[in-house]
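Everything on this sheet refers to the single structure shown next.
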Amino acid sequence: MVKNLRGHRHECGNVCYEIDRCIEIDPDSDDDIKSITILHEIIHAIDYVYLQQKLEEKTIDGLATGLWQVLKQWGIDFDWE
Ligand SMILES: [Zn+2]
């Protein structure tokens, strides 16, 4: 992610809201971490577009992890291969 663009940068993934509008995931992360991270970054993007960035980081963490748990229990997961 280019410095000074609006977005969030994390250890395992990033989201950039301007220009390239990308989500980056660390390819060396464990698959479950990749899945939680992409959900986390998607929620950041939703927060930016629809919620005026009102969500706190811990709320985004909880939503991403909870959503991942529900999807996993339903047999839905990302294919990282
Ligand atoms: Zn975050």
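The values are calculated or read from the model by the stated rules, or taken from the named source; none is laboratory data. Since the structure is predicted, the reported quantities are computational estimates derived from the model, not experimental observations. Cβ coordinates were reconstructed from backbone atoms using ideal geometry, including for glycine residues, and neighbour counts include every protein chain displayed.
Results, tabulated for the structure shown:
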read-out: Extreme residue, surrounded by the fewest Cβ atoms within 10 Å (Cβ to Cβ), among residues of region 24-46 that are closer than 15 Å to Arg9 by Cα and of a type in the set (Asp, Glu); value: Asp26
read-out: Leu67 being without any contact (Cβ under 8 Å) to a residue 40 or more places away in the chain, crowded, with 17+ Cβ neighbours inside 10 Å and hydrophobic (A, V, I, L, M, F, W, C); value: no
read-out: Pairs with Cβ under 9 Å, 6+ apart, first in region 15-34 and among the polar types (S, T, N, Q), second modelled with pLDDT under 90; value: Ser29/Glu11; Ser29/Cys12; Ser29/Gly13
read-out: Wholly within the chain, strands (runs of 3 or more DSSP E) carrying at least 3 residues that are away from the ligand (no atom under 11 Å from the Cβ); value: 23-25
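Per-residue answers, yes or no, for (1) among the hydroxyl-bearing types (Ser, Thr, Tyr); (2) more than 12 Å from the chain's Cα centre (by Cα):
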site: Gly7; (1), (2): no, no
site: Val15; (1), (2): no, no
site: Asp32; (1), (2): no, yes
site: Ser35; (1), (2): yes, no
site: Ile43; (1), (2): no, no
site: Leu51; (1), (2): no, yes
site: Asp61; (1), (2): no, no
site: Gly66; (1), (2): no, yes
